[in-house]
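The values are calculated or read from the model by the stated rules, or taken from the named source; none is laboratory data. Worth saying up front: this structure is predicted, and the values here are computed from it rather than measured. Virtual Cβ from ideal backbone geometry, glycine too; neighbours counted across all protein chains shown. To get the accessible areas, we keep the full protein, side chains included, count just its heavy atoms, and leave off ligands, DNA and RNA. Shrake-Rupley method; radii C 1.70, N 1.55, O 1.52, S 1.80 Å.
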Amino acid sequence: ASRPKRPLPPGMHVPVLRLDGDSRPRLGPPSTAKSAEHPWKVYATWSNTVGPLVTLGTSSRPIVVINTTEAVTDLLEKRSHFSCKPRWPMAELLGRQKNVGFQYYGERLKRSRRVLHNALNTTAIGTTWKGLLNSQSVALLQAFLRSPDTFYTDVGGNIEALVVLFTYGKKPDAQYTSMAREVMHQTGIALQPGRWAVNFYPARKSSVVMYVPAWFPGAGFQRWAQDAKAAFYRLTREPFYHVKKELSQGNAPLSFVRNALEESGQTPEEEDIIMSAAGSLFSAGTDTITTAVLTAILLLTRHPEVQARAYEEIKTVVGTDRLPEMHDRASLPYIDCVIQEIHRFNPAIPLVTHANSEEDEYLGYRIPKKTWIMANVWAMLHDANDYHDPEEFNPDRFLPGGTGPARDPRTLIYGFGRRLCPGMHLANAYLFLVVARTIAIFELLPPIEDGITKMPPLDFAVGLLSYVRKSAFVECFRF
Ligand code: HEM
């Protein structure tokens, strides 16, 4: 006789909170979430009552939120069948399922990740890309000097240039960046749980809905998706074929695509893997690092005492007649604590999405095959058991001594298991250079009006990324 089915993890019997750009979540539970704006905070509150796993949505289409480090380690790190991604019919319609971040786990994903790892491992970051990281971080300081008023957009522009220079060896032009931003925006819309009915039909039904002709009344999402798909294809193909042509003419500048084609792009299939891996980097690499840099600027401005101490460390170790370099990183432990605390305070991707390719059980609960899993990284980094007074910005918690340093947030913010972010070493190196060099050269100050200091508020958006909202931040900022 078969065993009775175990229950799903405790559910809140509420529809999924929508991640709707800047707006408040549309749907909330009756009481707890009234004042909380960010879904990840709401889920963390629920988890305090019901345990590490919380089920959202319906029992036929559950979404399981993992809220603790222990549970995420047990499931996403140790059990390899949790390294899949959910089926996103809308992303498929946009032609984005070949994008590394959306791919199901399998042979193609492994090969894509290998190509990326060859270019983005620690050795390559310290050698091949050292010059690029150096020049882009200096370019950002120069932009700050030229016009402190436009720092918010300058940070984004500098990082877009970093990622496109890395990928294709040339700076993006205005047309490329505006198209890339549009595609990212469209993908964000396509991935909002609950926005498109097609995402929430069971797989069998959705394949019927997906192939309704675009002109069919009510199939508005299809028409919209057709345009978005065309833009995405152009964005992926044009710069790739440009590098390929340059390579055949012997004048391709250093880039990920050039190196990968030289090393492994011998067959059409290998070429396609390189092309789509390259096409995944703009959306994966730009807004994430931008969020971390803007969070750093915001928190340093709000904490002059942290800036002062970090500056003292740089003055003592590096001196005042040169900029901090990558080789200074190990000798600047306080700067490292500051960077860790920035990631902890506002992880760029607060909810990391996975799916399981096999049914499983955990803590007596059943997790059906292909469940949409969200790892609540924000909750893990604000767990008072691991981080005393989690609402406080306090880099000291990472200093050795006492009960030892708190867990390094970089073991959580870059994701889990076989999907761990391949760009993490590039991001870590660039963030070190930008944070250390900014502190070495500038003092970040809030404005004072009529003798009153106007602190920029902690204002993080609700979306796939928890980016720093522009509004109040830009008005009250000066070097
Ligand atoms: C502070 C900066 C960054 C953060 C916080 C970050 C975080 C993440 C996270 C949470 C994931 C999902 C991992 C998972 O599913 O378990 C991811 C995936 C990915 N990231 Fe990053 N990332 C950053 C920068 C970058 C950069 C600079 C690049 C490339 C230049 C990059 C490329 C990728 C790619 C290709 C994936 C998909 C990997 C896969 O699905 O197998 N990321 N990142």
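Would you mind telling me which numbered condition in (1) aliphatic (A, V, I, L, M); (2) modelled with pLDDT of 70 or more; (3) in contact with a Lys or Arg (Cβ under 7 Å, 6 or more places away or on another chain) LEU27 fails?
In the conditions (1) aliphatic (A, V, I, L, M); (2) modelled with pLDDT of 70 or more; (3) in contact with a Lys or Arg (Cβ under 7 Å, 6 or more places away or on another chain), LEU27 misses (2) alone.
Determine which member of the set LEU323, LEU254 is within 16 Å of the ligand (Cβ to nearest atom) and not in a helix (DSSP H, G or I). Explain how you work it out, then say what you get.
Values: LEU323 fails: within 16 Å of the ligand (Cβ to nearest atom).
Within the list LEU323, LEU254, the selection yields LEU254.
Looking at ASP336, is it closer than 24 Å to PRO405 by Cα and charged (D, E, K, R)? Quick ask: steps written out before the conclusion?
On the way: closer than 24 Å to PRO405 by Cα: yes; charged (D, E, K, R): yes.
For ASP336, the condition - closer than 24 Å to PRO405 by Cα and charged (D, E, K, R) - is met.
State the number of residues belonging to the stretch 267-285 that are near the ligand (Cβ under 8 Å from one of its atoms) and within 12 Å of the chain's Cα centre (by Cα). I'd like the intermediate steps shown before the answer.
Of all residues in the stretch 267-285, those near the ligand (Cβ under 8 Å from one of its atoms) come to 277, 280-281, 284-285.
Okay, now just the ones that are also within 12 Å of the chain's Cα centre (by Cα), so 281, 284-285.
Count: 3.
Applying the selection to the stretch 134-178, what residues are touching a residue at least 12 places away in the same chain (Cβ under 8 Å), among the acidic types (Asp, Glu) and open to solvent by 20 Å² or more (accessible area, probe 1.4 Å)?
Those that are touching a residue at least 12 places away in the same chain (Cβ under 8 Å), among the acidic types (Asp, Glu) and open to solvent by 20 Å² or more (accessible area, probe 1.4 Å): ASP149, ASP154.
Among the residues of the stretch 382-413, write down those that are closer than 21 Å to VAL64 by Cβ and within 12 Å of the ligand (Cβ to nearest atom).
Filtering the stretch 382-413 for residues closer than 21 Å to VAL64 by Cβ gives 382-383, 412-413.
LEU412, ILE413, listed by residue number.
Select, from PHE393, PHE416, PHE398, the only residue that is touching a Ser or Thr at 6+ places or on another chain (Cβ under 9 Å) and either open to solvent by less than 30 Å² (accessible area, probe 1.4 Å) or more than 27 Å from HIS327 (Cα to Cα) (or both). Let's see the steps before the verdict.
Working: PHE393 fails: touching a Ser or Thr at 6+ places or on another chain (Cβ under 9 Å); PHE398 fails: touching a Ser or Thr at 6+ places or on another chain (Cβ under 9 Å).
None of the other options fit; the residue is PHE416.
Within the stretch 341-358, identify whether any single residue is closer than 15 Å to ALA71 by Cα, among the β-branched types (Val, Ile, Thr) and either open to solvent by less than 60 Å² (accessible area, probe 1.4 Å) or within 16 Å of the ligand (Cβ to nearest atom) (or both), and answer yes or no.
yes
For the stretch 400-419, which residues satisfy the criterion of being at pLDDT 95 or above and of a type in the set (A, V, I, L, M, F, W, C)?
Matches in the stretch 400-419: LEU412, ILE413, PHE416.
Restricting to the stretch 286-298, name every residue that is within 23 Å of HIS425 (Cβ to Cβ) and either among the hydrophobic types (A, V, I, L, M, F, W, C) or over 10 Å from the mean Cα position of the chain (by Cα) (or both). Steps first, answer last, please.
As a first pass, look at the stretch 286-298 and keep what is within 23 Å of HIS425 (Cβ to Cβ): 286-297.
Result: ILE289, ALA292, VAL293, LEU294, THR295, ALA296, ILE297.
I'd like the full set of residues that are more than 6 Å from the ligand (Cβ to nearest atom) and not aromatic (Phe, Trp, Tyr), limited to the stretch 425-435. Let's see the steps before the verdict.
Step one: of the stretch 425-435, the residues more than 6 Å from the ligand (Cβ to nearest atom) are 425, 428-435.
Hits for the stretch 425-435 are HIS425, ASN428, ALA429, LEU431, LEU433, VAL434, VAL435.
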